[in-house]
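J.: Please see the structure below; I have some questions.
The values are calculated or read from the model by the stated rules, or taken from the named source; none is laboratory data. These numbers come from a predicted model, not from an experiment. As a convention, Cβ positions derive from the backbone with ideal geometry for all residues, glycine included, and neighbour counts pool all protein chains shown. Just the protein is used for accessible areas: all its heavy atoms, side chains included, with ligands, DNA and RNA removed. Shrake-Rupley method; radii C 1.70, N 1.55, O 1.52, S 1.80 Å.
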Amino acid sequence: DDPVFGRSNANFITQLVLSDRLYPGENAKVDSMVVILKPASFYGDENSEFTINMHQSLTRIYKDSAYYSDMNVADSIGIDPVGTATFLPGDTLIKVFLDPGFAEWMISDTSALVSQSAFQDHFNGFFFSAEDYIGGTGAITSLDLISAETQIIMYYSNSEEDSLRYFFDINTSTARIN
């Protein structure tokens, strides 16, 4: 809580893109999927614990469109979070482990994994939200979404191999609303 500005809260929506065509193979099974976020900086009490929630975005966003701060996202996000993590503002990385069932859904339509446009038709992206802090006096953390350390990794297996991984990207070509 800032004595002048009061309490602040920020959310954002971002797309993901395929790093390359994904051929999961026969009988593909997701072992886990993790989103690794690189904090860029923070201001405030480093002892303030935050929870970040990730929801599936139900509305497609476009890089060449304008979005405004009065946009109502309540109808545009999945009800239940697909991933949640707790972090401190001074953490060097934030790891959000996604629900394996959600990750399975992401690769369930193999025709959506062969091109960016097909993937965007299948999956609109993620809505990230932060809950109020616990302990401390609060802080603001900024994230570097296009850092090489920010990654989305899916670990999976198929009929032929049991230790595979695939990287989804957030980069300068992905649409974002913040």
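J.: Please report, in cubic angstrom per residue, the volume enclosed by the convex hull of the alpha-carbon atoms of the range 1-141.
T.: For the range 1-141, the hull spanned by Cα atoms encloses 134 Å³ per residue.
J.: Reachable lysines from LYS95, Cα under 18 Å, same-chain residues fewer than 8 places away excluded?
T.: Here the lysines satisfying the reach criterion relative to LYS95 are LYS38.
J.: Continuing with the same structure: What per residue convex hull volume, in Å³, comes out for the range 132-178 when only alpha-carbon positions are used?
T.: For the range 132-178, the hull spanned by Cα atoms encloses 168 Å³ per residue.
J.: Leaving ligands, DNA and RNA out of it, report the carbon-plus-sulfur percent of the accessible area of the range 76-178 at a 1.4 Å probe.
T.: That fraction is 50 percent.
J.: Per-residue HN-Hα couplings for the range 29-40, Karplus 6.51 cos²θ - 1.76 cosθ + 1.60 at θ = phi - 60°, whole Hz, x for Gly and Pro?
T.: For the range 29-40, the Karplus-derived couplings read 9, 7, 7, 6, 9, 10, 9, 10, 10, 9, x, 8 Hz, x marking Gly and Pro.
J.: Find the accessible area per residue for the chain; the probe is 1.4 Å, ligands and nucleic acids are left out, and the unit is Å².
T.: 56 Å²
J.: If R0 is 22 Å, what FRET efficiency do you get for ASP45 and ASN171 from their C-beta distance, rounded to 0.05?
T.: After rounding, the FRET efficiency stands at 0.10.
J.: Please list 60-72, 131-143, 43-55 highest first by mean number of surrounding beta-carbon atoms within 10 Å per residue.
T.: In decreasing order of mean packing, 60-72, 131-143, 43-55 become 43-55, 131-143, 60-72.
J.: Determine which aspartates and glutamates satisfy two conditions relative to LYS29: a Cα distance under 18 Å, and not lying fewer than 8 residues away in the same chain.
T.: In chain and number order, the partners are ASP99, GLU104, ASP109, GLU160, GLU161, ASP162.
J.: What is the gain in length, in nm to one decimal, between THR59 and GLN116 on full extension, counting 0.36 nm per residue of separation less the C-alpha to C-alpha distance?
T.: 18.9 nm
J.: So what J values fall out for the range 118-130 if you push phi through Karplus, 6.51 cos²θ - 1.76 cosθ + 1.60 with θ = phi - 60°, rounded to Hz, Gly and Pro as x?
T.: Per residue, the Karplus-derived 3J(HN,Hα) values read 5, 5, 5, 5, 7, 9, 7, x, 10, 10, 9, 9, 10 Hz.
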